[in-house]
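Laboratory data are not the source of any read-out in this text; all were calculated from the coordinates shown. Just so it is clear, the structure is predicted and the values come from calculations on it, not from any experiment. No Cβ is skipped: glycine too gets one built from the backbone with ideal geometry, and neighbour counts run over all protein chains shown.
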Amino acid sequence: MAKLKEFVACRNCRALVISSYKEKGEPCPVCGKVDYSEEWEGMVVILDTKSYVAQLMGVQKPWRYAVKVK
Ligand SMILES: [Zn+2]
């Protein structure tokens, strides 16, 4: 797994992607928007979208997400 600072977070859905997505302007694999932040805290990996945590975060797709995005 890459280092944490190599990830950027989608401001729309909080999905974490590698920083090259931001550099190249590639759309978020979860929601399709291009709006990333380098300032985020905490990583949650959602494997089951029916889980309590996934529902708490409003996550629709298994992925890794930031807990907080600035
Ligand atoms: Zn997104």
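Restricting to segment 10-44, name every residue that is of a type outside the set (D, E, K, R), within 20 Å of Pro62 (Cβ to Cβ) and in a loop (DSSP other than H, G, I, E, B).
Asn12, Cys13, Pro27, Cys28, Pro29, Val30, Cys31, Gly32
Out of all the residues in segment 1-59, which are more than 9 Å from the ligand (Cβ to nearest atom), among the charged types (D, E, K, R) and under 16 Å from Lys70 (Cβ atoms)?
Residues satisfying the conditions are Lys5, Lys22, Glu38, Glu39, Glu41.
Contact list please: Cβ distance under 9 Å, first residue in segment 31-55 and over 11 Å from Ala15 (Cα atoms) and of a type in the set (S, T, N, Q), second residue more than 16 Å from the ligand (Cβ to nearest atom) and not in a strand (DSSP E or B), pairs at least six apart or on different chains.
If the second residue must be more than 16 Å from the ligand (Cβ to nearest atom) and not in a strand (DSSP E or B), the pairs left are Thr49/Gln55.
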